[in-house]
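Okay, structure first, notes after.
The values are calculated or read from the model by the stated rules, or taken from the named source; none is laboratory data. From a predicted model like this one, the values you see are computed outputs, not experimental measurements. Here Cβ is always computed from backbone atoms with ideal geometry, including for glycine, and neighbour counts include all displayed protein chains.
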Amino acid sequence: MIQLTEAGKRFGPKILFSDCNWLIGPKDRFGIVGGNGTGKSTLLKVLAGIESLDYGSVNSTKGIKAGYLPQDGIVLTGRTVFAECMTVFDDVRAMEAEQKELEHQMGELDHESPEYQKVSERYHQVHDEFTARDGYNIESKVGIVLTGLGFSREDWVKRVEAFSGGWQMRIALARLLLSEPNLLLLDEPTNHLDIEARDWLESYLHNYPNAFILISHDRYFLDVTVDRVAEIWNKRIHFYSGGYTKYENAKTERRTQLEAAYKNQRERIEDLEAFINRFRAQATKAKQVQSRIKELEKIERIEIPPDEKTIYFRFPQPKPSGRIVAEFQKVSKAYGEKVVFSGATFNIERGDRIALVGVNGAGKSTLIKLLSGEEPLTSGEYKLGHNVEVDYFAQDQYKVLDVEASIFDDLGRVSPRSGQTELRNILGCFLFSEDDVFKKIGVLSGGERNRYALARMLMQPSNFLLLDEPTNHLDIRAKDVLLKAMEEFTGTVVFVSHDRYFIEKLATRVFEVADGAVTIFNGTYAEYLWKKNNTAAPAPTLPTPQKQAAPQQGKQQAPQPQKHGQKNAQPPPPPPPVDKSRRLNPIKLRQTKERQRAIEDEITRLEVEIADFGATLSMFVSAQESIDIAELLESRRKDMAALEAEWEEVSKLIEENR
């Protein structure tokens with residue numbers, strides 16, 4: 001469908017990537033990963049036709065339509081939300097208008113006249129095309145997508161300019177999804193989505209009929225949406241099968257194999273050089289020496305790329321607070337006639353790491369502002385505990401920074417005991433490197449300022465941190481640094497985040513803000529989802545998610561809000577006992593082990609075939625040949641996926657019978 005051949009791109013004197021050979025098929029689902037500044041967004045723009053290559057070529061099949069969503073910067077005006085999305089179907093609506101006009105003409109013409117016959121033929125042609133484009137359901141399609149992305153029916157008739165930048169990006173995403181391009185290119189589409197909208201987008205992409213390529217810093221989102229990963233690393237693009245978790249494992253294995261091959265090659269080179277140096281002067285050994293010299297010259301040297309720098313920093317710990325950090329007694333909050341929640345009663349204890357969850361607009365940010373003192377209570381009572389010091393990180397935290405100071409000097413004033421190397425490491429954690437650390441705060445983008453504001457807060461943390469979307473604008477490595485710091489933090493944290501991996505790893509309790517109430521769940525985020533869905537299956541673990549459709553919300557009994565002073569709720573019920581019926585007799589067990597070995601042999605064979613097809617595709621001969629090979633490659637990948645699933649089931653069965 002689209003093929004890059006020996007593709008390369010520069011940014012000034014810096015090479016972003018080179019020698020890239022990549023064929024994108026009609027059903028491919030890729031995630032692009034890589035460090036900050038490696039060229040992920042640039043590669044997406046090349047595929048969209050917005051930027052050109054400096055080396056190599058990009059070719060596409062005739063008639064291919066690519067749709068591109070940038071990270072931000074889209075501004076819409078002049079229409080309502082619904083009307084803006086309906087512009088995608090302007091050609092379909094033109095067909096509908098033409099149908100009506102043709103119907104009117106047929107009503108006035110003589111049915112026996114040649115003009116009537118001509119108009120009738122055109123009418124049937126337009127009608128057939130209109131029906132094929134599903135023209136009678138375009139309004140329904142728009143409604144489904146807008147609802148999935150979090151727009152209420154009241155929002156549909158509002159002017160697009162009335163929405164913030166994040167919501168305008170949602171409108172742009174809705175338009176792009178409705179247009180169904182052959183290749184969907186999404187640059188961090190989840191940045192402006194809450195968890196519910198993200199779940200819906202995962203399900204939508206799972207059923208998307210065409211190819212898509214996306215960039216995301218959300219591990220879980222990548223795991224459940226893509227089946228291949230393209231990593232930009234060391235100025236090359238490397239391809240991996242599976243989602244993000246499989247990519248991480250495969251990358252570790254690839255480096256281990258590369259290091260082993262490098263070690264073996266070095267030993268061989270040293271042996272050859274030793275022989276040559278030892279016998280170079282002996283005429284009787286001249287033939288053997290020349291043979292080894294030729295062998296040495298033919299060796300293609302293996303290079304080990306430098307390790308990605310792993311930055312670890314332990315942020316200062318705050319002084320301890322009392323056991324009870326905060327108490328809410330029958331707290332209500334309303335804006336005029338709109339009640340956000342009422343009767344909220346709960347305690348926050350020292351060491352709690354509480355995730356606030358709920359749909360956009362439910363009141364998560366309002367609750368965190370009440371805890372910080374930024375907003376007054378409408379009614380009820382709020383008490384802070386002994387020795388509690390509150391620090392609040394808002395989504396627009398950058399507004400309180402000194403715009404004339406450089407970020408390096410400003411951070412040095414905050415932490416005067418830290419040396420230059422330590423300060424650079426901290427800023428590196430939050431994606432500020434090289435000369436970026438000397439930029440003035442005033443010239444940074446909103447996202448960069450927020451990243452810096454978060455780093456600044458963690459250099460002098462209070463014992464009660466309130467964090468509203470701290471993971472926004474962070475890549476995966478930066479999120480890992482923040483997560484590690486928060487896991488080691490000895491104080492108390494209440495946070496809002498739309499990154500499920502971050503929530504699952506950090507939260508010890510979950511407060512759900514919904515339907516005018518604050519409901520308390522004691523336990524991890526996975527346990528919260530399990531209780532909420534009221535399933536009989538064991539609670540899922542999110543660190544190693546597998547590709548699946550978005551979970552369905554079943555009927556449930558709403559949990560009761562926790563009362564003031566109430567101890568932790570009872571733990572979730574234990575998982576169901578092991579199924580005894582899966583025990584195998586010795587003969588069946590032996591047959592199962594033989595099947596496991598047969599599957600492994602077949603997988604090895606398919607891996608070789610897939611590698612051969614990939615190598616063949618890198619040498620472009622003709623568009624038709626590339627399409628034929630791509631179809632064979634897709635077939636082998638499906639066979640591989642089916643065998644891997646069978647292998648996992650067989651292996652699990654064998655493990656249960658040990």
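Numbers below:
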{"read-out": "Segment 452-489, residues that are in a helix (DSSP H, G or I) and aliphatic (A, V, I, L, M)", "value": "Ala453, Leu454, Ala455, Met457, Leu458, Ile476, Ala478, Val481, Leu482, Leu483, Ala485, Met486"}
{"read-out": "Hits in segment 442-460 (condition: in contact with a strand residue (DSSP E or B) (Cβ under 9 Å, 6 or more places away or on another chain) and buried (at least 20 other Cβ atoms within 10 Å of the Cβ))", "value": "Asn450, Ala453, Leu454, Leu458"}
{"read-out": "Segment 146-185: number of residues that are in a helix (DSSP H, G or I) and either in contact with a Leu (Cβ under 8 Å, 6 or more places away or on another chain) or within 19 Å of Ala66 (Cα to Cα) (or both)", "value": "17"}
{"read-out": "Identity of the residue in segment 66-84, over 24 Å from the mean Cα position of the chain (by Cα) and in contact (Cβ under 8 Å) with a residue 40 or more places away in the chain, that ends up nearest to Glu188 (Cα to Cα)", "value": "Leu76"}
{"read-out": "Breaking point among (1) over 33 Å from the mean Cα position of the chain (by Cα); (2) closer than 30 Å to His217 by Cβ, for Thr256", "value": "(1)"}
{"read-out": "Those residues of segment 451-479 which are assigned by TED's automatic domain parsing to the domain that holds Leu427 and closer than 28 Å to Thr245 by Cα, in sequence order", "value": "Arg451, Leu454, Ala455"}
{"read-out": "Number of the exception - Ala94 against (1) under 41 Å from the mean Cα position of the chain (by Cα); (2) loosely packed, with under 12 Cβ neighbours inside 10 Å", "value": "(2)"}
{"read-out": "Where a residue in segment 166-186 is touching a residue at least 60 places away in the same chain (Cβ under 8 Å) and its partner, wherever it lies, is basic (Lys, Arg), with Cβ under 7 Å and at least six apart", "value": "Leu178/Lys141; Pro181/Lys65; Asn182/Lys65"}
{"read-out": "Any strands (runs of 3 or more DSSP E) falling wholly within segment 333-391 and containing at least 1 residues that are on the phi > 0 side of the Ramachandran plot and in contact with a strand residue (DSSP E or B) (Cβ under 6 Å, 6 or more places away or on another chain)", "value": "338-349, 379-384"}
{"read-out": "Close pairs (7 angstrom Cβ cut-off, 6 or more residues apart or separate chains): closer than 11 Å to Trp233 by Cβ in segment 14-42, among the acidic types (Asp, Glu) and in a strand (DSSP E or B) anywhere", "value": "Val33/Glu231; Gly34/Glu231"}
{"read-out": "Checklist (1) within 18 Å of the chain's Cα centre (by Cα); (2) crowded, with 16+ Cβ neighbours inside 10 Å applied to Asn182, failing item", "value": "(1)"}
{"read-out": "Unique residue being touching a strand residue (DSSP E or B) at 6+ places or on another chain (Cβ under 8 Å) and of a type outside the set (Val, Ile, Thr) when the list is Lys118, Lys158, Lys141", "value": "Lys158"}
{"read-out": "Single condition Glu404 does not satisfy, out of (1) among the charged types (D, E, K, R); (2) in a loop (DSSP other than H, G, I, E, B); (3) touching an Asp or Glu at 6+ places or on another chain (Cβ under 6 Å)", "value": "(3)"}
{"read-out": "Filter result for Leu149 (buried (at least 18 other Cβ atoms within 10 Å of the Cβ), more than 30 Å from Leu214 (Cβ to Cβ) and aliphatic (A, V, I, L, M))", "value": "no"}
{"read-out": "All positions within segment 201-242 that are surrounded by fewer than 19 Cβ atoms within 10 Å (Cβ to Cβ) and either on the phi > 0 side of the Ramachandran plot or among the aromatic types (Phe, Trp, Tyr) (or both)", "value": "Tyr204, Tyr208, Trp233, Asn234, Lys235, Phe239"}
{"read-out": "Criterion violated by Val58 - all others in (1) touching a strand residue (DSSP E or B) at 6+ places or on another chain (Cβ under 8 Å); (2) over 26 Å from Glu634 (Cα atoms); (3) of a type outside the set (Gly, Ala, Ser) satisfied", "value": "(2)"}
{"read-out": "Pair list, Cβ < 6 Å and 6+ apart or interchain, from segment 471-500 residues that are farther than 25 Å from Thr38 by Cα to residues that are at pLDDT 90 or above and in a loop (DSSP other than H, G, I, E, B)", "value": "Gly491/Asn463; Thr492/Arg350; Thr492/Asp352"}
{"read-out": "Residues of segment 243-293 satisfying the condition of being touching a strand residue (DSSP E or B) at 6+ places or on another chain (Cβ under 9 Å), in a helix (DSSP H, G or I) and in contact (Cβ under 8 Å) with a residue 40 or more places away in the chain", "value": "Tyr244, Tyr247"}
{"read-out": "Number of the exception - Gly143 against (1) modelled with pLDDT of 90 or more; (2) more than 21 Å from the chain's Cα centre (by Cα); (3) within 17 Å of Pro70 (Cβ to Cβ)", "value": "(3)"}
{"read-out": "Set Lys547, Lys531: member being basic (Lys, Arg), at pLDDT below 85 and more than 26 Å from Tyr208 (Cβ to Cβ)", "value": "Lys531"}
{"read-out": "Test: residue in segment 48-67 that is surrounded by 14 or more Cβ atoms within 10 Å (Cβ to Cβ), in contact with a helix residue (DSSP H, G or I) (Cβ under 8 Å, 6 or more places away or on another chain) and under 23 Å from Ile138 (Cα atoms)", "value": "yes"}
{"read-out": "Residue satisfying condition, being at pLDDT below 85 and surrounded by 11 or more Cβ atoms within 10 Å (Cβ to Cβ), within set Pro316, Pro320", "value": "Pro316"}
{"read-out": "Residue selected from segment 409-435 under the condition over 22 Å from Ile476 (Cα atoms) and touching a Lys or Arg at 6+ places or on another chain (Cβ under 8 Å), by the criterion surrounded by the most Cβ atoms within 10 Å (Cβ to Cβ)", "value": "Leu411"}
